[in-house]
Amino acid sequence: MLKRSDSSIDMRIGAPWKSILWFTLPMLIGNIAQQLYNTVDSIVVGKYIGDNALAAVGSAGPIVNLLLVLFIGISAGANIMTAQYFGARNREALSRTIGASITVTIVSCIFLILVATPFIRPLLEILNTPDSIIDWCYDYLFISLVGIAGLAFYNILSGIIRGMGDSVSALIYLLVATVINIVLDVYFVAVLDMGVGGVALATVIAQIVSSILCMIKLSRMKEHFDFGLKYLIPEASYVKTIVKLGLPSGLTQAIFSSAMIIVQSLTNQFGEQFIAANVVIMRVDGFAMMPNFSFGMALTTYAGQNVGAGLYDRVTKGAKQGTLMAVGFSAVITGIILLFGKGLMGIFSETADLVDMSYYLMKILAVGYIAMAVTQSLSGIMRGAGDTVTPMWISLITTVALRVPVAYGISYLTRTPELPFGRYECIQISLLISWVMGAVITAIFYRMGRWKNKAIK
């Protein structure tokens, strides 16, 4: 598994759709495996602990995503730089980029653990987390934060490996971690009775294993770059470029996560069952989103390699073909989930009302998954070309200026004596509107073509 040193795809040659598809498929499988992490967590929690524990994991989710903002930014910057320097065959710049990314990640992990840990419980209280689940939420978040280095390094190192055209190795390591996670989930919760904290610990251990495997793989790819101690002492120019390219992506995730946290405060007001229903929806719709995220990441690498080589006509051609494939995949998976969604949701809970509510809310979101295929694909092209700012502004508009006011507006306007907080559908309707508008705005900015002038100099 570790001896195969080069399974990279040169995306500068051959039919664009073939390069994109063959690069995407391993990532699609990998993203499904990663979603399986969260799904197994929820199934184990729902079956062995109960619906309130399921709600606790769901309430913790947006906060975990916010904690990952730093690493999403580093990963995005490193991935874009790796792809462009790999495409330009610039060995020295590639070596410096990888070394700087590793060092920045280490420093960021230490900083985050020291700064964020004391604020976990106060934040949960601010968000109106029900007393019945707040202790479970705290346990889950504390363990996730202390062990965040595993997830951080997997995301960043696998992004670097993908930037050099290898999406297979990251898949293999993720599959290994998924098996470990499933086994430990059942053992910690069902056998040792460790509760929600056991689920978090299982995930942390699995992520550490996957990050170690990525590091070993990276150390063996010396045909593309040099890997040594001197490269771990970062040059300011490379750190600056990582931050410049990655900051907008990190801010995009921060914006999205902050909006999720603000909306979570509204969600918490509807009670434990609605919180649990949202957890079930997130787990199932995570699979609906897999083609979108996979094609988005593939097109980032595709654009990066071809922009690095100056092949802009090929980038445009690949953008069209990749987006069409993403829409097709998303439509098929969304259809499958709508047909079999109720049965899928029954896996998480035996409470009939919870399953019915989850399926009803899922149907509201259906069209949005296809819209997100357009957004992720075209945003991936822009990011790969070096334009990470435009997707950030689009995210700001759709999640903060649109989704949050719509959610609270519908909630306020539908209040009655029987429904003191309004209609709970406000959460899903606001999300659907933001997804559709995001696709429209992203398509407009892509056609404007300003991303073509953003390559790393």
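Summary of values
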item	result
Degrees between helix 236-269 axis and first principal axis of the chain (Cα, 0 to 90, nearest 10)	10 degrees
Sequence of 176, 204 when ordered by accessible area, the most exposed leading, probe 1.4 angstrom	176, 204
Cα gyration tensor shape of the stretch 361-435, rounded if a/c is under 1.5, else prolate or oblate by comparing a/b with b/c	oblate
Charge-dipole axis of the stretch 234-373 as Lys and Arg at +1 and Asp and Glu at -1 on Cβ define it, positive-most pick from 369, 355, 304	304
Heavy-atom accessible surface of the chain: percent carbon and sulfur, 1.4 Å	68 percent
Between helix 426-448 and the chain: long-axis angle, C-alpha atoms, 0 to 90°, nearest 10	20 degrees
Between 0 and 90°, nearest 10: helix 168-186 axis offset from the chain longest Cα axis	30 degrees
Rounded to the nearest 20 debye, dipole of the stretch 46-192 from Cβ charges on Lys, Arg, Asp, Glu	640 debye
Those aspartates and glutamates that a straight Cα-Cα span of less than 16 Å connects to residue 222, excepting residues fewer than 8 apart in one chain	6, 92, 166
Cross-link pairs beyond the 31 Å C-alpha cut-off, checked among 320/342; 244/320; 18/217; 230/452; 18/230	320/342; 230/452; 18/230
Among 432-444, 57-69, the order from most to least packed when residues are scored by Cβ within 10 Å on average	57-69, 432-444
Gyration tensor verdict on the stretch 89-212 (Cα atoms; rounded if a/c is under 1.5, prolate if a/b is larger than b/c, oblate otherwise)	oblate
Residues whose placed amide H lies under 5 Å from that of residue 414, excluding near-sequence neighbours	423
The stretch 231-275 versus the stretch 335-367: alpha-carbon centroid distance in Å	28 Å
Ranking by accessible area, most exposed first, for 28, 344 with a 1.4 Å probe	344, 28
Rg and Dmax [Cα atoms of the stretch 151-216; Å; Rg one decimal, Dmax integer]	13.2, 43
Global geometry of the stretch 327-457, whether rounded, prolate or oblate, following the gyration tensor of its Cα atoms and the 1.5 cut on a/c	oblate
For the chain, radius of gyration divided by Kirkwood radius, i.e. Rg to Rh on alpha-carbons	0.96
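The values are calculated or read from the model by the stated rules, or taken from the named source; none is laboratory data. Predicted model, so just to flag it, every value in this text is computed and none were measured. Here the Cβ is made from the backbone with ideal geometry for all residues, glycine too, and neighbour counts use every protein chain on show. Just so you know, the surface numbers come from the protein's heavy atoms only, side chains and all, with ligands and any DNA or RNA stripped out. Shrake-Rupley method; radii C 1.70, N 1.55, O 1.52, S 1.80 Å.
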